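Any read-out appearing in this document is the output of simple, stated calculations on the displayed coordinates, not a laboratory observation. It should be emphasised that the depicted structure is a prediction, and the values quoted were computed from it without experimental measurement. Reconstructed Cβ throughout: ideal geometry from the backbone, glycine too, with neighbour counts over all protein chains shown.
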């Protein structure tokens, strides 16, 4: 009798495994589908008003055309054998992605809160994580034109770029990951603040330290020790390092691509979880 009960339990457990696996796959598929729906909604906004892309081109163009041209003549910054414009090009691409992500992610939530759209999203069965990932991935899509623009400016300035298809795919992946990372960070800020004015002030306060406490326009070795420690905790440092190794013909990665991608991925996961938990606070 005991053997029969044991066999019955074993059969029931064995039959239950496929159903749990099927439920897990169904949940993942549902999460991906709803995330892509949010991405589509956000990209439609860009399609109806593409002027934002061109307006955000001005700042990286000024950095490359003015700052880059001046500092390439000084020759006082050690760049590990790279011409300064080559060294700087990857940093300016990362900078344009940073600024795009910071000022579109959180600001969009505050706008949607004021228009009453967030309440409708929260009342739907869409997971909070899907909402966060959808908005973050849409920032990645918004950043893709920046690649074309920075590549074009870099070519005009004589930067030696790597046009290997695998390298270009790597640049696209790094740009999207960076945009998702900093857009999620922006969403966390947007969930905590109440007004557009306060978000703008905090966004400006955060973007410049993130930019200057990285290896975007000068090596970390030039920084004081305390700033080097902050730079090593800054995800932008690893995004720039990965871009410098893939974007440039003679570029190399200081930390290694495995470290760069791991840091970005861990930052994305941690901030997505935090942002998903804070998302409901937008309506408070």
Of the listed peptides 128-139, 173-184, 244-255, what is their order by residue-averaged count of other C-beta atoms within 10 Å, with the highest listed first? 173-184, 128-139, 244-255
Can you sort 109, 274 from fewest to most other Cβ atoms within 10 Å of each residue's own Cβ? 274, 109
Take 163, 103, 185 and order them by how many other Cβ atoms sit within 10 Å, fewest up front. 163, 103, 185
Order of 63, 226 - criterion: other Cβ atoms within 10 Å of each residue's Cβ, fewest first: 226, 63
